[in-house]
Structures are given as C-alpha cells and as structure tokens.
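Single-structure report; data block below.
The values are calculated or read from the model by the stated rules, or taken from the named source; none is laboratory data. Owing to the predicted nature of the structure, the values given are computational and were not obtained by experimental measurement. Every residue, glycine as well, gets a Cβ built from its backbone with ideal geometry; the counts of neighbours run over all protein chains shown.
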Amino acid sequence: MRRTMEETSKMRALCFLVSFLWVFPSADQAFDIPLPNALLIHGEPMGFNTSSHRQKRSEKENVTACSSHEYKPRRQNHCCNKCLPGYIVARDCSGSSQATLCVHCKSGTYMDIPNNSKRCEACSSCLTQYGQIVLSACTMEKNTQCGCPEGQFKKHSGLDFICQECTTCQNGTQAFKCHDDKDTICQCFHNFFFDDSEKMCRPCSQCQGPECQDHCPDPEAAQRPEESKGVLWVAVGAVAVVVVVVVACALYVYYTRRHPHPQAHLLIYVEQLLSLITIKTAIKTTK
C-alpha cells in the first residue's frame, strides 16, 4: 500500500516536470501558436514564435517606393508604369521590367490624367436649360467643355453655372469686356453712377442711397461754389472802388500842395496851348 502511494507520487512529479518543459521550452526553440489563439498587438502576433515577427519586419523594411509616373499593384512589391491619359489599366505588369497592359477609353468616356484606374470617367452633358452650349466635344483624353453663347457670361450656381446676358454700358464706356465668368465693368460718364441692381449707368439726380454718393457730387455743395464766387466778386469790386478813391484823393492832395493856385496855373497852360496852335497854323499858311 505504502509502495503504491510512493509510485503514485513519482508519477505525479514526472507529469509535472513534463508539463513544465512543454509550457516553457528553451530559448533556442521556436514554439508556434495558432493565430486565433495568439495575442495581437498592433496587428502583430505576440507569442513564443519570434521568427515570423522578424520576417514581417524585414518585409516592411524592403518595401519598394514608386515614382510619380508609377504605381504599385495590390499585394505586390514592384512598380508598374501608369497608363497615359485616354487609357486605363487592363492588367498590371508582372514585374518591374514588364509593361502595363493599357486599353483606350470607350466612346462616351474619358480619362484626362496618367492613371492606374480600371475604368474611365463618363462624359458630362451641357445643361441646355441653363443656356449652356458645347464649346468642345468629349474625347477619350478630356471631358466635354461647356460654355455660354456670345454676349453672355457664366454665373456660377453651386457646381453648375447659368448663362446670363452681358451688361451694356449706356451713359458710359466699357472698362473691362464681358468674358467667361466675368460680367462687363462699366465706367459711367460724369454725373452718372452705376446701379448694380439694374446693371446700368443712371444720372446722379436719381442718387438716393450711400452706394452712389462716392460717384455723385453733393447738389448743395455744387451750388455753394457759385454763391461764394458771387460774394467774392462783390468784395473785389468794393475793394477796387475804395482803392481808386484813395488814389484820387492822394493825387489831388499832392497836386494842390505843388500848385497853391491851381486855377491860375490852368489858365497859363491853356494860353500856352493856344499860342502853340496859332504858331503851327501860321506856319502852314505861309507854306
């Protein structure tokens, strides 16, 4: 009985030792655990198998970088040339030295950039209900180009545009011509202002808001210079009269002081003048 118990204890110890060696193998050995039962950290299995982790790390370090005119096929580590505009990829290249198989876009579709796409883009249609017309038809290398008829411009509304009539500059001149998505810019004549709501040059007499005051003079300010000019001329005339009177008085005083008897002096001057005229008449008669 006692011997049987000792044998049982030995068997238990042996099983424990075998289990210990099975759970904790030596550092030189690799022990694989199925992926569903492995602990995943950042997508990498963390267990007793370190060789797979080193292999994936090496693969990441050896990833090939492609240039702007190349692309890397899915789940591949080599670069393929992109297809030219008007073409798409039918089959990826099988290696770096192999060519990509490209096919052209079918009618009604296009591709306008170098690409690695598997399908072309559908061509757009111009919206005739918005007044749009086709400027250039869709080709396999470019989409349809829509625009407006002559004399209209594009007014953007969301992702589309509406064609509207260009503004005509009545009572003014064109500063910038109507073109593409820009309306005409008018330079109004003097005493006119541009009404944005009606798209026309209106006379300053109709100016009633602050938007036109920068272009139209103040009517009251325009009348004030005329009134001030009239007052100025009156003042100048009065000053001139005063100056003439003062000068006349000064000359009279100066003359009377030089000639105490102005009447006698005047008589002498008249006699001399009459004698001179008499002498000239006598000389003409003798001749």
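Numerical summary
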{"read-out": "Lone unmet requirement of (1) buried (at least 16 other Cβ atoms within 10 Å of the Cβ); (2) within 29 Å of the chain's Cα centre (by Cα) for T109", "value": "(2)"}
{"read-out": "Checking K106 against (1) touching a strand residue (DSSP E or B) at 6+ places or on another chain (Cβ under 8 Å); (2) under 22 Å from A137 (Cβ atoms), the condition it does not meet", "value": "(1)"}
{"read-out": "Number of the condition not met by L135 [criteria: (1) under 30 Å from F153 (Cβ atoms); (2) assigned by TED's automatic domain parsing to the domain that holds P73; (3) of a type outside the set (K, R)]", "value": "(2)"}
